[in-house]
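In what follows, a single structure is set out as structure tokens and then discussed.
The values are calculated or read from the model by the stated rules, or taken from the named source; none is laboratory data. Being a predicted model, the structure only gives us computed values, none of them experimental. Cβ: placed from backbone, ideal geometry, glycine included. Neighbour counts: every protein chain shown. For the accessible areas, the whole protein counts, side chains as well, though only heavy atoms, and no ligand, DNA or RNA atoms are used. Shrake-Rupley method; radii C 1.70, N 1.55, O 1.52, S 1.80 Å.
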Amino acid sequence: MRRVLILGGTGEAIAIARMLHDEMADRVEAISALAGVTQSPAPIPGTVRIGGFGGVDGLAEYIQAERIDVLIDATHPFAAQMAGQVHAAAERTSTPRLKIIRPMWRRNPRDRWIEVPDLAAAAATIPRVEARRVFLTVGGRSLQAFEDMPGVWFLARMTDAPPSPPPLANADYVVARGPFQTDAEIALMRTHAIDLLVAKASGGAATEAKILAARALGILTVIIRRPPSPRGDAVADAEGALAWLNRLLEG
Ligand code: NAP
């Protein structure tokens, strides 16, 4: 039996855990690791471990103590710190590692994108383009960058209910977890008369509906570029991860 540690927090990580459980349970024991930031994480088949490991040292110790044979880094494209730590711990312990890298959305000539390097640049764009009603899809923990913007109203979507007091005073909050449908995204943006969408360049089909909706409505979209991923083996999705793992175990 090989022990596979899936670093999770994404739909792909859940899909991989499910596939390993359904299709490879005779050869593979999967452990899914979550940072513990979501109050009510979606159910995941197999063993689930919640909480950080304590940097590269802690993760390397865990890999050795738990006799982990394979690492699958299915963290979110913006979880750059963890991606670097998984890479470093894999090198230190000589453990094979795979990174899931979602394909970036393909830009369409009708898209009105402004690409920026980070959250601060995204916030600075709002007064520059004179946006008044802004849909924030950057996640609940990235909202501080949008504080202190008089005259701007926000619709902020997050996985967990906002704390009290909420991070932004001049905002309404939608608590919802994707994937979302394009028609519903169009309706949401229309209902709230959104004139600017702010999105992280997460890529992948599951998060694309908002981009397609903004395209359909001609809404200006601020795209925050992805941080670079560490080098090494990478695939686009859960199916690719399963094929990689099968090759590794057969080799
Ligand atoms: P991060 O900045 O890269 O990592 C911060 C710390 O969180 C890491 O040093 C690690 O703590 C811990 N951590 C991160 N992912 C973990 C995992 N899968 N299992 C155990 N510990 C983990 O990460 P983040 O951006 O805060 O993201 C946290 C989680 O939310 C990740 O699982 C990610 O997949 C998910 N997520 C992030 C975003 C986003 O926009 N950043 C969006 C959707 C989902 P130690 O050093 O103590 O090990």
| How many times 2.2 N^0.38 Å is the alpha carbon radius of gyration of region 206-251? | 1.78
| On a 0 to 90 degree scale, rounded to 10, what angle separates helix 55-65 from the longest Cα axis of the chain? | 30
| note | The ³J(HN,Hα) series, computed from each phi in region 137-145 with the Karplus coefficients 6.51, -1.76 and 1.60 at θ = phi - 60°, rounded to the nearest Hz and given as x for glycine or proline, is 10, 8, x, x, 8, 10, 7, 4, 4
| remark: FRET efficiency (T47, N246; Cβ distance; R0 25 Å; to 0.05) is 0.75
| said: Loop-only trypsin sites (Lys or Arg not before Pro) in region 164-251, please: DSSP not H, G, I, E or B, and at most 10 other Cβ atoms within 10 Å. | reply: R231
| query | With the Cα gyration tensor of region 1-108 giving a ≥ b ≥ c as the square roots of its eigenvalues, does the rule (a/c under 1.5 for rounded; else a/b larger than b/c for prolate; else oblate) give rounded, prolate or oblate? | reply | rounded
| With every protein chain kept in the model, how would you rank T10, T207 by accessible area, 1.4 Å probe, largest at the top? | T207, T10
| remark: Amide H contacts under 5 Å for V48, restricted to residues at least 5 apart in sequence or on another chain and with H modeled in the peptide plane, are S32
| query | If you place +1 on the Cβ of every Lys and Arg and -1 on the Cβ of every Asp and Glu, how big does the dipole about the Cα centre of region 1-132 come out, in debye to the nearest 20? | reply | 460
| note | Summing -39500 (n - 2.57) over every DSSP H run of at least 4 in the chain, dividing by its residue total and rounding to the nearest 500, the 222 nm mean residue ellipticity is -10000 deg cm²/dmol
| message | Taking each pair of distinct Cα atoms in region 133-251 once, what is the resulting Kirkwood hydrodynamic radius in Å? | response | 16.2
| note | Here the relative contact order (percent) of the chain, from C-alpha pairs under 8 Å and at least 6 apart, is 22
| query | Given a cut-off of under 8 Å on Cα pairs at least six residues apart, what relative contact order in percent is computed for region 57-97? | reply | 54
| message | At R0 = 22 Å, how high is the FRET efficiency between Q81 and A121 if r is their beta carbon distance? Nearest 0.05 is fine. | response | 0.65
| request: Subtract the Cα-Cα distance of S164 and R225 from 0.36 nm times their separation in residues, and report this length gain in nm to one decimal. | output: 18.9 nm
| query | Which length gain, in nm to one decimal place, applies between D57 and V37 when the Cα-Cα distance is subtracted from 0.36 nm times their residue separation? | reply | 5.1 nm
| Over the chain: Kirkwood hydrodynamic radius from C-alpha pairwise inverse distances, Å | 19.4
| query | Across the chain, where is the longest run that never hits GluC sites (Glu not before Pro) in a DSSP loop with at most 12 other C-beta atoms within 10 Å? | reply | 148-251
| query | In degrees between 0 and 90, to the nearest 10, how far off the longest principal axis of the chain does helix 119-128 point, with axes built from Cα atoms? | reply | 10
| query | Got a sec? What order do M189, M1 fall in by accessible area at 1.4 Å, biggest, i.e. largest, first? | reply | M1, M189
| said: Place a point 7 Å from the Cα of R27 along the Cα-to-Cβ direction; which residues of region 1-17 have their backbone N under 14 Å from it? | reply: 1-4
| Picking from A145, V174, A184, whose Cα lies most toward the positive end of the charge dipole for region 94-223 (charges on Cβ: Lys, Arg +1; Asp, Glu -1)? | A184
| So, in nm, how far is label E147 from label A184 when the simple model puts each one 7 Å beyond its Cα toward the Cβ? | 3.2
